[in-house]
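Student: First the structure, which I've put down as structure tokens, then a few questions once you've had a look.
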Amino acid sequence: MRGHVCPWWGGYFIDNRFRRLLHKPEEILASYAQRGMTVMDFGCGMGFFSIAMAGLVGEGGCVISVDLQQEMLDVLRGRAERAGVADRIRTHRCKRDSVGVDDPVDFVLAFWAAHEVPNLRAFFNEVHSCLVGGGRLLLAEPRGHVSARAFGKMIAMAEETGLNVENEPRIRFSRAATFFKA
């Protein structure tokens, strides 16, 4: 399935108020995204996690919301404006083969997105390059799309790029691992 990108309009099916019953962004991210940090939401879609992170990083922080599809970024921008956090969110349209963010970041979230990346090794290398020392990556993949074996390969690949496994948090319907950069 790697390399297949969910169409932008599919975002409405996974980014809605009912999802908050399954995934509470503030609870999932509270220990990762904190006041004043610069964080990245890779595969941000319509902003389900980006908007929550903007609240967590506060006025002095910045969320870099990255997606391949401009339509997703446009919807996110409107939602961020309505939520009053647009000034903390910078949208960035990535390329299919490159994240393209050079800014140093304290935390990267890749939630249900890495399985769509055509070259995971390049992705993990880019994440490693932009993370500050002690920075963290939370990688979460949907159990329905990513097998335990495939997720194990993702973890091994991330480790090969210099990211160190910190733990494997429990997130509903997901396989997840947190990494840190030494």
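The values are calculated or read from the model by the stated rules, or taken from the named source; none is laboratory data. Note that the coordinates shown come from a computational prediction; the quantities given were computed from them, not determined experimentally. Ideal geometry is used to build each Cβ from the backbone, glycine not excepted, and the neighbour counts take in all protein chains shown.
Student: In the range 57-74, what residues are surrounded by 22 or more Cβ atoms within 10 Å (Cβ to Cβ) and either among the β-branched types (Val, Ile, Thr) or farther than 20 Å from residue 99 by Cβ (or both)?
Tutor: Correct list: 57, 63, 64, 66.
Every residue, every condition in (1) surrounded by 16 or more Cβ atoms within 10 Å (Cβ to Cβ); (2) in contact with a helix residue (DSSP H, G or I) (Cβ under 8 Å, 6 or more places away or on another chain); (3) more than 19 Å from residue 42 (Cβ to Cβ); (4) at pLDDT below 95, yes or no:
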| position | (1), (2), (3), (4) |
| --- | --- |
| 139 | yes, yes, no, no |
| 147 | no, no, yes, no |
| 153 | no, no, no, no |
| 156 | no, no, yes, no |
| 167 | no, no, yes, no |
| 181 | yes, yes, no, no |
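Student: Do you know which of the residues in the range 68-127 that are of a type in the set (Asp, Glu) and under 13 Å from the mean Cα position of the chain (by Cα) is modelled with the lowest pLDDT?
Tutor: Once the filter is applied, the top-ranked residue is 116.
Student: Still on this structure, I have one more. Hey, does the range 75-88 have a residue that's under 26 Å from residue 180 (Cβ atoms), in contact with a strand residue (DSSP E or B) (Cβ under 8 Å, 6 or more places away or on another chain) and either touching a residue at least 12 places away in the same chain (Cβ under 8 Å) or acidic (Asp, Glu) (or both)?
Tutor: Yes, that holds for at least one residue.
Student: Here's a follow-up. With the requirement that a residue be of a type in the set (D, E, K, R) and farther than 25 Å from residue 38 by Cα, what does the range 130-159 give you?
Tutor: 143, 149, 153
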